[in-house]
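Engineer: Below is one structure. I have some questions about it.
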Amino acid sequence: MKLDEVLEATEAEMLVKPPYNIDLESACASDLMSDVLLFTKPSMLLVTGLTNPQAIRTADMAESPAVLFVRGKYPPPETLELAEEMGVAVMLSPYTMFEAAGLLYVAGLRGIGKLPIMRQQR
Amino acid sequence: MKREFALLGFMGSGGALSKIHELIREMQVSRVMTANVFTLSPDATMKELEDLLREHHISGVPVIENQELVGIVSIEDLIHALENQQLDTPIHEYMTSKGLITAHAQEPVMEALRRFEHTGIGRMPVLDARGKLVGIITRGDITIALLGALQELYTEAEAMQQRPQHFFDALESENTSLLLRYRIEKGNFARGGDASAKIKRALLRIGASPQLARRVAIATYEAEINLIIHANDGGLILADIQPTEITIVAQDSGPGIADVDLARQPGYSTATPEVREMGFGAGMGLTNIERCTDRMSLWSAVGVGSRLQMTFKVSPEETGETSDDD
């Protein structure tokens, strides 16, 4: 999925343009950065409500080329600066994470599917 | 691979050709056109046209009346006027005004190119969404933009050639090892990930595969965040990079982990609500690290400190020993 389609599906605006054309293969929505690091694959869109610079760091580490911030929460300047520096595209949608993810799913973007159930040992 | 074949090799990998295609399809007319366009009024004379064309080395001008585009007049029209010795005639007698062919600022260059082909005209006034004149485009503008883009692609292909083909290709010795050290400050989330990002770039620069660099970066990032969250006076990250193995050590001098086995349980965390608010402290750090490493050992003593050692094996394809494709 192209970023234009993400913008259209979630009524988002582009805050930091990507340095090259991006074709997303899947998406991951989470506010827990360890989850993101665990699940992301390259060419994955990161959907998150966490607007601090660590969201961009996490995307960079996991080679996720684009981040979609949700619930209309405008990221602080240091986040945008880091995104510019790292070459990570940043978009902002007015929808909640649940709805943004739903809209993207309907538009054809998929996640990573089922995971094994992990039980905590006490 | 020889240098001259850099671009060809690049094209072969599915890069350049699709990029050129993308370029023509997606580049907008507004990026290619000349924006500061000279115009004339329909009452200006053909002599004035001649002066303008000569002075600015251009071949045609849009004709504007009451801020509306009413026609276009070109060097061919000027030749007709010269043949008829009518240089004092007003432009509106020679200009093209009916069936005026225009381009739109937001349309792809490809569309403009098609219109040039179908009509055989030399230039098109460019209009914005409200029909206002914003520029002029010629076939030459498109050629120049495409050549510029090709040049960029070529430079990119050349840069790719200069990158080492295999891990540690650029450095030769009996026993090569690269040691990188980073001091991590406690609580400094703003710089969190700095060391990991630097290690990742260093690995890529010396020829590590993106998969290897990614594995190392994710594990190191988790370890770095752990130091920022927990370590009393911050900590140290050491990266020992060797051709067949990468070892990253994250260590601190306290507080130490009381129950290492418990800390390694997925979901277990002692992080504060503030840390969780930043997206960390989900108790998945060590699980994540374990998944990314080939070997991991965690030693800790309360009051003394912790030492996390992560080992990543460089696969044989990456060392360049088993494959010899160039």
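The values are calculated or read from the model by the stated rules, or taken from the named source; none is laboratory data. What you are looking at is a predicted structure, and each value in this text was computed from that prediction instead of being measured. FYI the Cβ positions are ideal-geometry reconstructions off the backbone, even for glycines, and counts take in every protein chain you see.
Engineer: Six or more apart or on different chains, Cβ atoms under 8 Å: show the pairs whose first residue is in the stretch B:118-137 and at negative phi and whose second is among the charged types (D, E, K, R) and in a strand (DSSP E or B).
Structural biologist: Final answer for the pair search is B:136/B:123; B:137/B:123.
Engineer: With the condition kept exactly as written, say whether any residue in the stretch B:202-221 is among the aliphatic types (A, V, I, L, M), touching a Pro at 6+ places or on another chain (Cβ under 8 Å), in a helix (DSSP H, G or I) and within 13 Å of chain A (Cβ to nearest Cβ).
Structural biologist: Applying the first criterion (among the aliphatic types (A, V, I, L, M)) to the stretch B:202-221 yields B:202-204, B:206, B:208, B:212-213, B:216-219.
Retained after the next criterion (residues that are touching a Pro at 6+ places or on another chain (Cβ under 8 Å)): B:204, B:206.
Those still in the list that are in a helix (DSSP H, G or I) too: B:204.
Now drop any that are not within 13 Å of chain A (Cβ to nearest Cβ), which leaves B:204.
Yes, some residue in the stretch B:202-221 is among the aliphatic types (A, V, I, L, M), touching a Pro at 6+ places or on another chain (Cβ under 8 Å), in a helix (DSSP H, G or I) and within 13 Å of chain A (Cβ to nearest Cβ).
Engineer: Output the number of the condition that residue A:78 fails; it satisfies all remaining conditions of (1) surrounded by 14 or more Cβ atoms within 10 Å (Cβ to Cβ); (2) facing another protein chain (nearest Cβ under 9 Å); (3) modelled with pLDDT under 95.
Structural biologist: Looking at each condition in turn, residue A:78 falls short on (1).
Engineer: State the number of residues belonging to the stretch B:263-319 that are at positive phi and either surrounded by fewer than 18 Cβ atoms within 10 Å (Cβ to Cβ) or facing chain A (nearest Cβ under 10 Å) (or both).
Structural biologist: Within the stretch B:263-319, residues that are at positive phi and either surrounded by fewer than 18 Cβ atoms within 10 Å (Cβ to Cβ) or facing chain A (nearest Cβ under 10 Å) (or both) number 5.
Engineer: Determine whether residue A:13 is surrounded by fewer than 18 Cβ atoms within 10 Å (Cβ to Cβ), at pLDDT 90 or above and closer than 14 Å to residue A:107 by Cβ. Don't jump to the end; show me each part of the working.
Structural biologist: Details: surrounded by fewer than 18 Cβ atoms within 10 Å (Cβ to Cβ): yes; at pLDDT 90 or above: yes; closer than 14 Å to residue A:107 by Cβ: no.
Against the criterion (surrounded by fewer than 18 Cβ atoms within 10 Å (Cβ to Cβ), at pLDDT 90 or above and closer than 14 Å to residue A:107 by Cβ), residue A:13 does not qualify.
Engineer: Take the conditions among the charged types (D, E, K, R) and touching a Leu at 6+ places or on another chain (Cβ under 6 Å) and apply them to residue B:115. Does it pass? Before you say what the answer is, go through the steps one by one.
Structural biologist: On the way: among the charged types (D, E, K, R): yes; touching a Leu at 6+ places or on another chain (Cβ under 6 Å): no.
So residue B:115 does not fit the description; no.
Engineer: Are any residues in the stretch B:56-74 surrounded by fewer than 17 Cβ atoms within 10 Å (Cβ to Cβ) and not small (Gly, Ala, Ser), and if so, which ones?
Structural biologist: Once the filter is applied, which keeps residues that are surrounded by fewer than 17 Cβ atoms within 10 Å (Cβ to Cβ) and not small (Gly, Ala, Ser), the stretch B:56-74 yields B:56, B:57, B:65, B:66, B:67, B:68, B:70.
Engineer: Let me ask another. How many residues, within the stretch B:176-195, are without any contact (Cβ under 8 Å) to a residue 40 or more places away in the chain and not aliphatic (A, V, I, L, M)? Give the derivation first.
Structural biologist: Here is the first cut: in the stretch B:176-195, the ones without any contact (Cβ under 8 Å) to a residue 40 or more places away in the chain are B:190-194.
Narrowing further to those that are not aliphatic (A, V, I, L, M): B:191-194.
Of the residues in the stretch B:176-195, 4 are without any contact (Cβ under 8 Å) to a residue 40 or more places away in the chain and not aliphatic (A, V, I, L, M).
Engineer: Got a number for residues in the stretch B:294-326 being closer than 28 Å to residue B:233 by Cβ, at pLDDT 90 or above and either of a type in the set (Gly, Ala, Ser) or assigned to a loop (DSSP other than H, G, I, E, B) (or both)? Let's see the steps before the verdict.
Structural biologist: Here is the first cut: in the stretch B:294-326, the ones closer than 28 Å to residue B:233 by Cβ are B:295-312.
Still in the list and also at pLDDT 90 or above: B:295-302, B:304-312.
From what's left, either of a type in the set (Gly, Ala, Ser) or assigned to a loop (DSSP other than H, G, I, E, B) (or both): B:297, B:300-302, B:304-306.
Number satisfying all stated conditions: 7.
Engineer: Can you find a residue in the stretch B:156-169 that is at pLDDT 90 or above and among the aliphatic types (A, V, I, L, M)? Can you show your working first?
Structural biologist: Kept after step one, since they are at pLDDT 90 or above, are these residues of the stretch B:156-169: none.
There is no residue in the stretch B:156-169 that is at pLDDT 90 or above and among the aliphatic types (A, V, I, L, M).
Engineer: Shifting gears a bit: Quick one: which of A:37, A:32, A:15, A:46 is touching a Phe, Trp or Tyr at 6+ places or on another chain (Cβ under 9 Å), in contact (Cβ under 8 Å) with a residue 12 or more places away in the chain and closer than 29 Å to residue B:265 by Cβ? Spell out how you get there, then give the answer.
Structural biologist: Values: A:32 fails: in contact (Cβ under 8 Å) with a residue 12 or more places away in the chain; A:15 fails: closer than 29 Å to residue B:265 by Cβ; A:46 fails: touching a Phe, Trp or Tyr at 6+ places or on another chain (Cβ under 9 Å).
It is A:37.
Engineer: Limited to the stretch B:209-230, what total is found for residues that are within 17 Å of residue A:56 (Cα to Cα), crowded, with 24+ Cβ neighbours inside 10 Å and not small (Gly, Ala, Ser)?
Structural biologist: Qualifying residue count, the stretch B:209-230: 6.
Engineer: Here is a further query. Residue check, residue A:98 against (1) closer than 15 Å to residue A:49 by Cα; (2) buried (at least 17 other Cβ atoms within 10 Å of the Cβ), all met but one. Which one?
Structural biologist: That leaves (2) as the condition not met.
Engineer: Being small (Gly, Ala, Ser), more than 19 Å from residue B:221 (Cα to Cα) and free of Cβ contacts under 8 Å to residues at least 60 places away in the same chain is true for just one of B:267, B:256, B:281. Which residue is that?
Structural biologist: On the way: B:267 fails: more than 19 Å from residue B:221 (Cα to Cα); B:281 fails: more than 19 Å from residue B:221 (Cα to Cα).
B:256 is the lone residue from the list that is small (Gly, Ala, Ser), more than 19 Å from residue B:221 (Cα to Cα) and free of Cβ contacts under 8 Å to residues at least 60 places away in the same chain.
Engineer: Out of all the residues in the stretch B:239-260, is one or more buried (at least 16 other Cβ atoms within 10 Å of the Cβ) and within 11 Å of chain A (Cβ to nearest Cβ)?
Structural biologist: Within the stretch B:239-260, none of the residues are buried (at least 16 other Cβ atoms within 10 Å of the Cβ) and within 11 Å of chain A (Cβ to nearest Cβ).
Engineer: Residues being part of a loop (DSSP other than H, G, I, E, B), within 13 Å of chain B (Cβ to nearest Cβ) and farther than 30 Å from residue B:262 by Cβ: count how many of those fall in the stretch A:81-122.
Structural biologist: From the stretch A:81-122, those part of a loop (DSSP other than H, G, I, E, B) are A:87-88, A:93-96, A:107-122; that's our starting set.
Restricting the remaining residues to those that are within 13 Å of chain B (Cβ to nearest Cβ) gives A:87-88, A:115-122.
Within this subset, residues satisfying the condition of being farther than 30 Å from residue B:262 by Cβ are A:87-88.
Selection size over the stretch A:81-122: 2.
Engineer: Continuing with the same structure: Which residues, counting only those in the stretch B:208-251, are acidic (Asp, Glu), touching a residue at least 60 places away in the same chain (Cβ under 8 Å) and farther than 27 Å from residue B:174 by Cα? Quick ask: steps written out before the conclusion?
Structural biologist: First, pick out the residues of the stretch B:208-251 that are acidic (Asp, Glu): B:222, B:224, B:233, B:240, B:245.
Narrowing further to those that are touching a residue at least 60 places away in the same chain (Cβ under 8 Å): B:222, B:240, B:245.
Correct list: B:222 only.
Engineer: Of the conditions (1) under 19 Å from residue A:111 (Cα atoms); (2) in contact with a helix residue (DSSP H, G or I) (Cβ under 9 Å, 6 or more places away or on another chain), residue A:25 satisfies every one except a single condition; which number is it?
Structural biologist: (2)
Engineer: Let me ask something additional. Considering only residues that are within 12 Å of chain A (Cβ to nearest Cβ), touching a Leu at 6+ places or on another chain (Cβ under 8 Å) and of a type in the set (Lys, Arg), which ones fall in the stretch B:176-201?
Structural biologist: Matches in the stretch B:176-201: B:198 only.
Engineer: Can you pull out the residues in the stretch B:49-89 that are over 19 Å from residue B:37 (Cβ atoms), touching a helix residue (DSSP H, G or I) at 6+ places or on another chain (Cβ under 8 Å) and not in a helix (DSSP H, G or I)?
Structural biologist: Those that are over 19 Å from residue B:37 (Cβ atoms), touching a helix residue (DSSP H, G or I) at 6+ places or on another chain (Cβ under 8 Å) and not in a helix (DSSP H, G or I): B:86, B:87, B:88, B:89.
Engineer: Only one of these is modelled with pLDDT under 95 and on the phi < 0 side of the Ramachandran plot: A:58, A:96. Name it.
Structural biologist: Working: A:96 fails: modelled with pLDDT under 95.
Within the list A:58, A:96, the selection yields A:58.
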